[in-house]
Amino acid sequence: MNFLKKTLAVAVMTLAASPAFAAVATYNVTTTWFEPDTQPKNSIFEGSFSYDSVTKTITSLAGKLSESMTGTNASNMTWLDLNYQLVSWYDSALGGTFAATFKNSNTNTFWTGLGGDGWSPQAGVDVGGIYYGYPRPANNPGNAYALIFVPDNPLTALTQAQIAKLAYADCAPGGMMGAVCMTGTSEAGYGVVGTMSGFPVSQVITAAVTVPVPEADTYAMLSLGLAVTGLIAHRRRVQV
C-alpha cells in the first residue's frame, strides 16, 4: 500500500510539473506586394491560419487576394477567394514555416511544358509566368495562390531574407497579359521580380484566438494516475 501511495504521489507531482498545454493559436496575416505598374493599387493577401507552436505546422490558411489590375482605386479592386491550403513545409535555414493557399482545389497554376511542379514561385519564374494548360486559353484553370511565411515565433517581424521568399500568382483568364499570369516575386528570393515588376514588401501577423490543446505526455501521466488510483481502490476492496 505504501508503494502504491508513493507511486501515485510521484505521478501527481510529475503531472503538475509537466507543461499542461500546447498552444494551437489562430492568427491573422496581411501580405503586400508592391506593384509599380498599378499604383496606388498593390497586390494584397488578407487571411488567417492556425499555428501549432510544438509541431510548427500551419493549417487552415485561407483568405482573399486582391487583383491590382482591377478597379479604379485601391478600395474597389476585385478580390479572389483563396480557400485551399495545399502546400506547407518547414525551412530550418530561415527559421519558420511556409504555406500556400489556392483559389482552386489543386496546385495547377503554371505551364509544365518545360518541367517543374506547376505552382511554385521558381517554377513560375522558369516558364515566364505562363499559365497551366498553355497554349489553349480554354485549358487555363485560372488558379491563383498566396505563399506566406510564419517564423517560429509568429509575432516576430520578418527579416528581409524571409520577406524575399513571399510570393503570389494570379492566372485568372481574360487578363490583359494574355498567356502570362500576374505574379509577385523578388530578385533576392527567386532571381527576378514579378511579371509586372511586383515584389514582396511586407507581411504583418497578429494574434487572434488561442485554443489550449493537451499534450500527449499529459494524457500519459493522467492515465498513470488513474491506473494507480484504481489499484488502490481494488486493494481496499480486497482487504475488506
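The values are calculated or read from the model by the stated rules, or taken from the named source; none is laboratory data. Everything numeric in this text was worked out from a predicted model, so none of it was measured. Heads up, the Cβs are rebuilt from the backbone with ideal geometry, glycines too, and the neighbour counts pull from every protein chain shown.
I need a count of the residues in the stretch 99-142 that are part of a strand (DSSP E or B), small (Gly, Ala, Ser) and in contact (Cβ under 8 Å) with a residue 24 or more places away in the chain.
Of the residues in the stretch 99-142, the ones part of a strand (DSSP E or B) are 99-102, 110, 113, 115, 130-131.
Remaining after also requiring small (Gly, Ala, Ser): 99-100, 113, 115.
Still in the list and also in contact (Cβ under 8 Å) with a residue 24 or more places away in the chain: 99-100.
Of the residues in the stretch 99-142, 2 are part of a strand (DSSP E or B), small (Gly, Ala, Ser) and in contact (Cβ under 8 Å) with a residue 24 or more places away in the chain.
Identify the residue in the stretch 111-144 that is under 19 Å from Ser186 (Cα atoms) and of a type in the set (A, V, I, L, M) and, among all such residues, is surrounded by the most Cβ atoms within 10 Å (Cβ to Cβ).
For the stretch 111-144, the residue satisfying everything is Ala144.
Say whether the condition of being assigned by TED's automatic domain parsing to the domain that holds Ile205, modelled with pLDDT under 95 and either in a strand (DSSP E or B) or surrounded by 13 or more Cβ atoms within 10 Å (Cβ to Cβ) (or both) is met by at least one residue in the stretch 85-98. Talk me through it step by step, then tell me what you get.
So in the stretch 85-98, the residues assigned by TED's automatic domain parsing to the domain that holds Ile205 come out as 85-98.
Still in the running and modelled with pLDDT under 95: none.
No, the conditions are met nowhere in the stretch 85-98.
Give me a count of the residues in the stretch 60-74 that are over 21 Å from the mean Cα position of the chain (by Cα) and assigned to a strand (DSSP E or B). Give the derivation first.
Residues of the stretch 60-74 over 21 Å from the mean Cα position of the chain (by Cα): 68-74.
Now restrict to residues that are assigned to a strand (DSSP E or B): none.
The qualifying residues number 0.
Only residues that are touching a Gly at 6+ places or on another chain (Cβ under 9 Å) and farther than 18 Å from Pro154 by Cα: list them for the stretch 82-100, please. I'd like the intermediate steps shown before the answer.
Taking the stretch 82-100 and keeping what is touching a Gly at 6+ places or on another chain (Cβ under 9 Å), we get 82-83, 90.
Answer for the stretch 82-100, where residues must be touching a Gly at 6+ places or on another chain (Cβ under 9 Å) and farther than 18 Å from Pro154 by Cα: Leu82, Asn83.
Against the condition farther than 21 Å from Gly63 by Cα and outside any helix (DSSP H, G or I), how does Val193 come out, does it pass? Can you show your working first?
Numbers: farther than 21 Å from Gly63 by Cα: yes; outside any helix (DSSP H, G or I): yes.
Yes.
Just need a number here: residues in the stretch 1-59 that are under 25 Å from Ala99 (Cα atoms) and either modelled with pLDDT of 95 or more or in a loop (DSSP other than H, G, I, E, B) (or both).
Step one: filter the stretch 1-59 for residues under 25 Å from Ala99 (Cα atoms), giving 21-35, 41-59.
Next cut, either modelled with pLDDT of 95 or more or in a loop (DSSP other than H, G, I, E, B) (or both) only: 25-35, 41-59.
Qualifying residue count for the region: 30.
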